[in-house]
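A short worksheet on the structure shown next.
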Amino acid sequence: MSNRVQLIVIGAGPAGLSAAAAAAEHGMRVTVLDEFTEPGGRMPGQYHEEGGKSWWVGKHVADQLIARCRDLRVDIRCGVAVHGMEYTAAWGIFTSCGLFTADYVLLATGAAEAHVPLEGWTLPGVMSIGAAQVLTNVHYVKPGERGIIVGMNVLSMAIARELSVAGVRIAAIALPCANPLAGAAATPIAAVKQLLQLSELAPAVWMRTGGRLAAALRMEGLIARCYPHRGFRLWDIPIRLRTAVLSVNGRDRVESVTLVRVKPDGSPIPGSERIEPADFVALSGGLYPLAELAAVAGCKFVYSPGLGGHVPLHSERMETTLKGLYVAGNITGIESGLVAMAQGRLAAASMIHAAGLAGADGERQVQEAIREVHTARENALIQFHPGITEARTQLYRQWEQASGGAYQHSRN
């Protein structure tokens, strides 16, 4: 097939596949590039409850999107690494399989995991929480018989739930030990904030109600001070909010970890160290936008803690500061797969409108797609960062200032 198309999508995850299908439906010739061997991104390893009513089963969603793309003759090419891109008369995409060119490019490269190093983390059996998820949910291989999760955040809690459902035994979820790289993640107060964001996933009504009330009253400091050192069990997993992992121990593989009790500020309590048996350790430092290709292309960037880090400056229509270059999904800020899919459809609507393929109906379709993104965000059960709506509003105002316009919320 030709390497010259109207749209190249880089990233075959929820945002990229959704955009590819929507663009192809309007007659665009689309090629999707992804460095992994199979399309779907991280979706095949994901499943979680949606408000107690149903389950998000990522593999089923991925299969449906892939089938839809193939029905629409989208050219999906996996095992292709993109290492450069530049714009002349069109976009040139430099890859491990040669040069691709297109009028429009969508960056849907997703997110990467951040990790806090600790003593012994190079031993076999230490892995990222995402690797434990892929082993269990994609390859159906247990990461071990008895594991410890290091890091208490939305990512670790959500995947711990998945591992528990799959029958993987988690001996405890604990904090990383305080050090300059861990920052606030090593403090019980920060961990409580993360837990309160997940109160809707709690198995008991009193937990859900109490979590909502505590979040509203901003009681994380009081909870951190009063939290028992032995913790409590959630989904039959011990949540050790006042315990940190000092080191991973073993000769040729993980054999145990050294735990220590900590004060509310995260500082260790001398003499409280103990050894906990384990044969695997999963590290979780959260997610950050995978935006290197946007930097290579020359996009302007902004830093937003509420979005997970540095993100390309972009409009609510998903357009960047560069002609014909759009973004969607976690490269724009860390959110759920449902939001990423809606953003992919929005980016497609914006490109279709820009290309004149939707006629007089183009602007209406863009505005409708914007509303769908807002709805997906409002209904998302899992939010990786608090204040995501405020962070995005601020980003779009920065876009308008850079482009000389005045930001107006598209829901108005």
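Computed quantities for the displayed model
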{"read-out": "Full-extension gain in nm, Asp63 to Tyr303, via 0.36 nm per residue minus C-alpha separation", "value": "83.0 nm"}
{"read-out": "Debye, to nearest 20: dipole size of the stretch 38-144, +1 on Lys, Arg Cβ, -1 on Asp, Glu Cβ", "value": "280 debye"}
{"read-out": "Positive-end extreme of charge dipole, the stretch 21-137 - chosen from Thr37, Thr95, Val134 (charges on Cβ)", "value": "Thr37"}
{"read-out": "Prolate/oblate/rounded label for the stretch 1-131 (Cα gyration tensor, a/c 1.5)", "value": "oblate"}
{"read-out": "Accessible solvent surface per residue of the stretch 39-170, calculated while the other protein chains remain in place, 1.4 angstrom probe, Å²", "value": "44 Å²"}
{"read-out": "Cβ-based net charge around Leu293, under 12 Å, with every Lys or Arg adding one and every Asp or Glu removing one", "value": "-3"}
{"read-out": "Heavy-atom surface of the stretch 252-330, accessible at 1.4 Å and reported per residue (Å²)", "value": "42 Å²"}
{"read-out": "Rounded, prolate or oblate (a/c below 1.5 giving rounded, otherwise prolate when a/b exceeds b/c) for the stretch 251-307 by Cα gyration tensor", "value": "oblate"}
{"read-out": "Normalised contact order of the stretch 292-412, rounded percent, pairs of Cα under 8 Å and 6 or more residues apart", "value": "25 percent"}
{"read-out": "Relative contact order, percent, the stretch 334-379 [alpha-carbon distance under 8 Å, six or more residues apart]", "value": "47 percent"}
{"read-out": "DSSP-loop trypsin sites (Lys or Arg not before Pro) across the stretch 58-125, with at most 10 other Cβ within 10 angstrom", "value": "Arg73"}
{"read-out": "Within the stretch 272-407: Cβ-based charge dipole about Cα centre, in debye rounded to nearest 20 (Lys, Arg +1; Asp, Glu -1)", "value": "360 debye"}
{"read-out": "Chain lengthening between Ser96 and Phe36 when straightened (0.36 nm per residue, less Cα-Cα)", "value": "20.4 nm"}
{"read-out": "Around Ala15: net Lys/Arg minus Asp/Glu count, Cβ-Cβ under 14 Å", "value": "0"}
{"read-out": "Net charge of Cβ neighbours under 11 Å - reference Cys97; Lys, Arg +1; Asp, Glu -1", "value": "0"}
{"read-out": "Rounded Å value of the spacing that divides the Cα centres of the stretch 386-405 and the stretch 301-348", "value": "12 Å"}
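The values are calculated or read from the model by the stated rules, or taken from the named source; none is laboratory data. Note that the coordinates shown come from a computational prediction; the quantities given were computed from them, not determined experimentally. Heads up, the Cβs are rebuilt from the backbone with ideal geometry, glycines too, and the neighbour counts pull from every protein chain shown. Only protein heavy atoms, including side chains, enter the accessible area calculation; ligands, DNA and RNA are left aside. Shrake-Rupley method; radii C 1.70, N 1.55, O 1.52, S 1.80 Å.
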